[in-house]
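Only one structure is covered here, and it is reproduced in the block below.
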Amino acid sequence: MSKTILITGSTDGLGLEAAKRLAGQGHQLILHGRNPNKLQTAQQEVAQLIGGDAPDGHAVDLSDLAEVKAWSGRLVDQYPHLDVVINNAGVFQTDHPKTSGGLDIRFAVNTIAPYVLARDLMSVVGTEGRIVNLSSAAQAPVDLDAIGSFTGLDHMPAYAQSKLALTMWSMHLGLANSGTGPVVVAVNPGSLLATKMVRQGFGVAGSDIGIGVDITSRAAVGEDFAEASGRYFDNDARSFGPPHPDAEDPTKRQAVVETIETVLAAI
C-alpha cells in the first residue's frame, strides 16, 4: 500500500537516497530542503527515477524555529493525512553555530525542529503512522542550558548532546503515546556513512550509504518497526538496544522535553 512520507533534509545524502528508495517502492514523497535550488534538483531526480510527476517540495530553514512552527501549521492544512515523518536533517560542523535567534544551530536543527514537527504533525500522522527520528551513535549527557541558549560548545559535544536530546524526547513521546498515537522511534542509521556531513566533519569517505538507506526505509514502512514506539534502534549493532543511559531515565527525559517546550513558548 502506498504511503505518504515526509523526509526532512532530503536534497542530498541519506535523505535523498532514502527518498529515492521509498519513491521507487511506490510511496508518495514530500521533500524538504533549506536551499530552493537544491530542492528543485532533488525533486527532478526523484521524478526521473519513478518516471512520473515530481514530488512536493518545501524549502524551509530549520534553524529558524518560528519558520518551522509556521511550516508545521501549513503542513497540517495541506496534508490532512501523513503516514510517515522522517526527521533526517542535521547539522554537525559549521562556521555559523549560532542562529539568528541566539540558539546553537545543532540543537535548533537536530533536536528542537524535529520535536516541533513530531508534536504538531502527530494528529495527521495518526495511530497507524510513524515518526522516525534519525539519531546517532554519538550521544553525550545533555546540558539543558545549551538547548535554550548558545553556550559555545564545540562541534562534536554539541552534535552528540543534540542527538541524545533527540533520542530522549523520541522515547518520551513514543512511550507516552504508545497505543494512542503514531510510532515514535529513534534510529542510529549507522556510523560514518558516506555523506557530506561525514566527509566535511571527519575527512573520510565513509561507509556505504546504502546501510543507512536500508534501515531508514525499514523504520518507515517495515513490519519489524510496527511496535517500536519509544524504542531505540542501533544500526551499528543491527538491533534494538539501549541508547545512552540518560535516555532511559524518565526524569531526565521529562527535563529535556520541558526545556524544549520553554524554548518554543518564547518564540
Subject >> Residue check for Arg218: part of a helix (DSSP H, G or I), among the basic types (Lys, Arg) and at pLDDT 90 or above >> reply: yes
**OP:** Could you give me the residue pairs with C-beta distances under 8 Å whose first residue belongs to segment 177-190 and is assigned to a loop (DSSP other than H, G, I, E, B), whose second residue is among the acidic types (Asp, Glu) wherever it lies, and which are 6+ apart or on separate chains?
**Re:** Pro182/Glu128; Gly190/Asp236
Subject >> Selected residue (criterion: surrounded by the fewest Cβ atoms within 10 Å (Cβ to Cβ)) from residues of segment 139-160 that are outside any helix (DSSP H, G or I) and in contact with a strand residue (DSSP E or B) (Cβ under 9 Å, 6 or more places away or on another chain) >> reply: Gly152
Subject >> 2 or more residues of a type outside the set (Asp, Glu) and either open to solvent by 40 Å² or more (accessible area, probe 1.4 Å) or farther than 20 Å from Ser123 by Cα (or both): qualifying strands (runs of 3 or more DSSP E) within segment 1-100 >> reply: 28-33, 56-59
Original post:
Does His32 meet the test of being touching a Ser or Thr at 6+ places or on another chain (Cβ under 6 Å) and farther than 18 Å from Asp214 by Cα?
Top reply: yes
Subject >> Test for Ala226: is it within 22 Å of Ile7 (Cα to Cα), out of contact with any Ser or Thr (no Cβ under 9 Å at 6 or more places or on another chain) and either surrounded by 13 or more Cβ atoms within 10 Å (Cβ to Cβ) or not small (Gly, Ala, Ser) (or both) >> reply: no
**OP:** Could you please find all residues in segment 102-137 being within 17 Å of Ser72 (Cβ to Cβ) and at pLDDT below 95?
**Re:** Ser123, Gly126
**OP:** Of the conditions (1) more than 13 Å from the chain's Cα centre (by Cα); (2) crowded, with 16+ Cβ neighbours inside 10 Å; (3) of a type outside the set (Lys, Arg), Pro114 clears all except one; give me its number.
**Re:** (1)
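With respect to Val116, is the statement that it is among the aliphatic types (A, V, I, L, M) and touching a Gly at 6+ places or on another chain (Cβ under 7 Å) true?
Working: among the aliphatic types (A, V, I, L, M): yes; touching a Gly at 6+ places or on another chain (Cβ under 7 Å): no.
Taking the combined requirement at face value, the residue does not satisfy it.
Rundown of residues vs (1) open to solvent by 10 Å² or more (accessible area, probe 1.4 Å); (2) modelled with pLDDT under 90; (3) out of contact with any Gly (no Cβ under 6 Å at 6 or more places or on another chain), yes/no style:
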{"residue": "Ser162", "(1), (2), (3)": "no, no, yes"}
{"residue": "Ala176", "(1), (2), (3)": "yes, no, yes"}
{"residue": "Val183", "(1), (2), (3)": "yes, no, yes"}
{"residue": "Ala186", "(1), (2), (3)": "no, no, yes"}
{"residue": "Lys196", "(1), (2), (3)": "yes, yes, no"}
{"residue": "Phe202", "(1), (2), (3)": "yes, yes, yes"}
{"residue": "Gly206", "(1), (2), (3)": "yes, yes, yes"}
{"residue": "Gly210", "(1), (2), (3)": "yes, no, yes"}
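The values are calculated or read from the model by the stated rules, or taken from the named source; none is laboratory data. Computed from a predicted model, the values in this text were never measured in an experiment. Methodologically, a virtual Cβ is constructed for each residue, glycine included, from the backbone with ideal geometry; neighbour enumeration extends over all protein chains shown. Note: areas computed on protein heavy atoms with side chains; ligands, DNA, RNA excluded. Shrake-Rupley method; radii C 1.70, N 1.55, O 1.52, S 1.80 Å.
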